[in-house]
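The values are calculated or read from the model by the stated rules, or taken from the named source; none is laboratory data. Quick caveat, the model's predicted, so the values are computed rather than measured. Methodologically, a virtual Cβ is constructed for each residue, glycine included, from the backbone with ideal geometry; neighbour enumeration extends over all protein chains shown.
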Amino acid sequence: MKLAHTFTSLLALVSLVASSPTQQLNTHALRLPLERRNNQITVESLRAHLAQVSAKYRQGFAAYQANEGHAHPLSKPSSSKKVKRDAGDVFLIAQGIELWYASIDVGSPAVTFTVSIDTGSADLFLPSTACVTTCDGHTKYDPSNSSTAIDLKKSFVLTYGQGEVAGEEYTDNVVIGGYKAEGQTIGAASNYSSDFSSENFVPDGLVGFAFESISEYGASPLFQTLLQRGGLREAVFGVKLSATSNASELFVGGINTTLYQQNTLTYIPITKEGYWQVTLDQVSRAGVSVGTSGATSIIDTGTTLIVTDMDSAASYFDGIPGVESYDDESEVLYSIPCDTIDNYAPTLTFGGHPFTVSGETFNLGPVEQGSSDCLAGVAGSNEVDFWVVGDVFLQNVYSIYDMDGSRVGFAELA
């Protein structure tokens, strides 16, 4: 059943610069323009991204088991090196190849921070004033200067690659687009790995928009706190991602009906709350179905690629003229000749409706400068036996995340 969305109030546009004035509070829905950072894409950076995606889901599944008392149905023993998870350890999600970020205000008096928007995780972290060197260039959170900050006396260690991020958990007021989340749990990092230096990671921090059951803090994620305490009208948000400047947005507490073709809107029920997990009816390319029908998928704005298991990835690329694979022990990337790669972009069918990925978003660019082979936006990992549907797909649709309805919606762009 489609919901009617009528908004009579003026939607607040949120500045994305740190010097912006404190946001004014709203009473209805809000629109946040998203900025995009496109990092340089190479085989090495994509391999690193795949490793980060695998680790992200391992830790999310571990958090789910800690919170719920039983294993997540999609979790499985890792085939790669285990990550020791002591009490209080939290995995820090590394930046993707593409970053989509907006601004939030934190504390009293409020300070503005930029945060990457991630539907594949559930927690909020920021660099704190106790962080030096690698946090330089970022706006830093100072809980001692906020009258509403409460130290939870709980430390965390966020594992990232060979480094780590450590700090304290606090609660404080967070305003996003004019709505206040009082008592929001925040990870205040006293140390960032070099990968999160301002040269490598443009936003100050990250905010997760998934469900509490995968929160590493075991606390309410920002969107759910807004629903409980911030006065949002509806438990829904919409996302448009675009490489075009000023064309991306996060719409919280409703959906922006001007951005999609309403007669194409298709809702798919969530099969397991925690992630935005839905059934992927079928994947096809050039009109031919590949892989298993009725597969499990997770919709993840914090992942650049479409990632699946190694066998499904191999099936997808089987028989494509000129295809090359780039393997290591746990991940595989593929390239296709640049002059034909657009012909092999995937179509993903959800709720009986096919949504086709454009050649522009499927083609990630040459393998190396001057190469006639281009990297493809579908990859394999032996850490997953489901599909992670990332930005390669999401840039082609308007996506809707409905917590009350326990469903995800997709529609073709207007």
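Note on the range 69-125: residues that are modelled with pLDDT under 90, part of a loop (DSSP other than H, G, I, E, B) and not acidic (D, E) amount to 18. Filtering the range 373-397 to residues that are among the hydrophobic types (A, V, I, L, M, F, W, C) and in a loop (DSSP other than H, G, I, E, B) leaves V384, F386. Annotation: I268 fulfils all but one of (1) closer than 30 Å to A379 by Cα; (2) at pLDDT below 95; (3) in contact with a Lys or Arg (Cβ under 7 Å, 6 or more places away or on another chain); the unmet one is (2). Checking each residue in the range 128-143 for being within 15 Å of F201 (Cα to Cα) and part of a helix (DSSP H, G or I) picks out T133, T134, C135.
State whether the residues of the range 187-210 include one that is of a type in the set (V, I, T) and modelled with pLDDT of 95 or more. The answer is no, given that none of the residues of the range 187-210 is of a type in the set (V, I, T) and modelled with pLDDT of 95 or more. Pairing each residue of the range 149-164 that is modelled with pLDDT under 75 with any residue that is surrounded by fewer than 14 Cβ atoms within 10 Å (Cβ to Cβ), provided the two are 6+ apart or on different chains, yields C-beta distances under 6 Å for T159/V83. Note on the range 274-294: residues that are β-branched (V, I, T) and under 18 Å from the mean Cα position of the chain (by Cα) total 1. Just one residue in the set Y141, Y179 is in contact with a Ser or Thr (Cβ under 7 Å, 6 or more places away or on another chain) and of a type in the set (F, W, Y); that residue is Y141. For the range 336-351, residues that are within 15 Å of V397 (Cα to Cα) and not in a strand (DSSP E or B) total 2.
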